[in-house]
Amino acid sequence: MAETDDNKDNQNQTEGDKTSSNQEDVKVENASESDIEDFEIKYKETYDLLLREKAEMENLKKRTEKEVENAYKYSIESLLSEIIPIYDSLLLSSKLDKDKVKTDQLVKGNELLLSMFKQIFEKNNIIEINPLNEKFNPDFHQAVSTIKDASKENDIVSEVVQQGYSLNGRVIKPALVVVIKNQ
């Protein structure tokens, strides 16, 4: 008997589906030719708009990729345009007759070049790391040697072999230092 009830339920569902399908057919059949043409026009317009927007998105993606590529490729152009005059000056000074150049001229030339580099550093937010007599910090310093000095406490930088540099707060070259270790 349970099977008979299940069969009736399935038959009712199938008849309901047929009725629903028949109602949709009737709606389509009842639609006038002009309504169908209007729907076709709206469909074509919507589809055309979709294709145009898709093409616009692809073009935008390509443009953005190109801009990012160029930004990466030419990101150091302004820095190089500032460094090239310094290089040119060094190149020119290396071609001078060594016998005719005076020591004070060399010193003044080096001071001028150093000043130009400092201006470039300031303009590009490059900060020197010079930790003399500061506590050793492995995030900013690289120990190249240790020494004993009873007059100073442990982990103090006693000598800076080479200064370090940071760019916008990020270390790009740690300072090379000698650190005190008494134990």
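Which pairs do you get when a residue that is surrounded by 10 or more Cβ atoms within 10 Å (Cβ to Cβ), found in the range 62-84, comes within reach of a residue that is of a type in the set (Ser, Thr, Tyr), reach meaning Cβ atoms under 8 angstrom, with the pair 6+ apart or on two chains?
From the range 62-84, no pairs qualify.
May I ask you to list the residues in the range 89-133 that are acidic (Asp, Glu) and closer than 17 Å to Ser166 by Cα?
Passing the criteria: Glu122, Glu128.
Would it be correct to say that Asn124 is under 20 Å from Ile172 (Cα atoms) and modelled with pLDDT under 90? Spell out the reasoning first.
Values: under 20 Å from Ile172 (Cα atoms): yes; modelled with pLDDT under 90: yes.
Yes, satisfied.
Here is a list of conditions, (1) under 27 Å from Arg170 (Cα atoms); (2) in a helix (DSSP H, G or I), and Ser75 meets all of them except one; can you say which number that is?
(2)
The values are calculated or read from the model by the stated rules, or taken from the named source; none is laboratory data. Note that the coordinates shown come from a computational prediction; the quantities given were computed from them, not determined experimentally. Because the Cβ atoms are built from the backbone with ideal geometry, glycine has one as well, and the counts that use them run over all protein chains shown.
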